[in-house]
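See below for the structure under consideration.
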Amino acid sequence: MLAQSWVEFSKCMRSAGVQVEALIEYVDLFFKEGTEEARKDILVEQRARLQEQYEQLKATMERLDYKIDQYSNPLHFFMTTHAYDSLTNLPVICSGTKARHCTRGRACFSSFSR
């Protein structure tokens, strides 16, 4: 039964991205007395690495969700094809022959309708 637990633990840790070297060191220490603190340190270090990877993945997912949502937004085409002033980075709105800046930035287009 102990071997099955080790296999499951190892598979779980590897699928989560824990380094093979860290697993080998952990298992080696497990069979030695007085290594509880060293084993805990390995787990804490690996968790910190995984937390960093998680944060990066989470930020990437949020960015992808944002980009996907833009395609669902009817204003997407308008906002991505209209000119922006190079000095102020504000959208330039054409009203007849007169161009003006939108002082509220991109948010003001939420009421735009075609």
Name the pairs whose Cβ atoms lie under 6 Å apart, with the first residue in region 36-49 and closer than 14 Å to Glu21 by Cβ, the second of a type in the set (Ser, Thr, Tyr) and modelled with pLDDT of 95 or more, and 6 or more positions between them or separate chains?
-> none
Residues of region 36-73 being surrounded by fewer than 10 Cβ atoms within 10 Å (Cβ to Cβ) and of a type in the set (Ser, Thr, Tyr), which ones?
-> Tyr66, Tyr71, Ser72
Selection status of Thr81, hydroxyl-bearing (Ser, Thr, Tyr) and at pLDDT 90 or above | no
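The values are calculated or read from the model by the stated rules, or taken from the named source; none is laboratory data. This one's a predicted model, so the numbers in the text were calculated from it and none came from an experiment. Methodologically, a virtual Cβ is constructed for each residue, glycine included, from the backbone with ideal geometry; neighbour enumeration extends over all protein chains shown.
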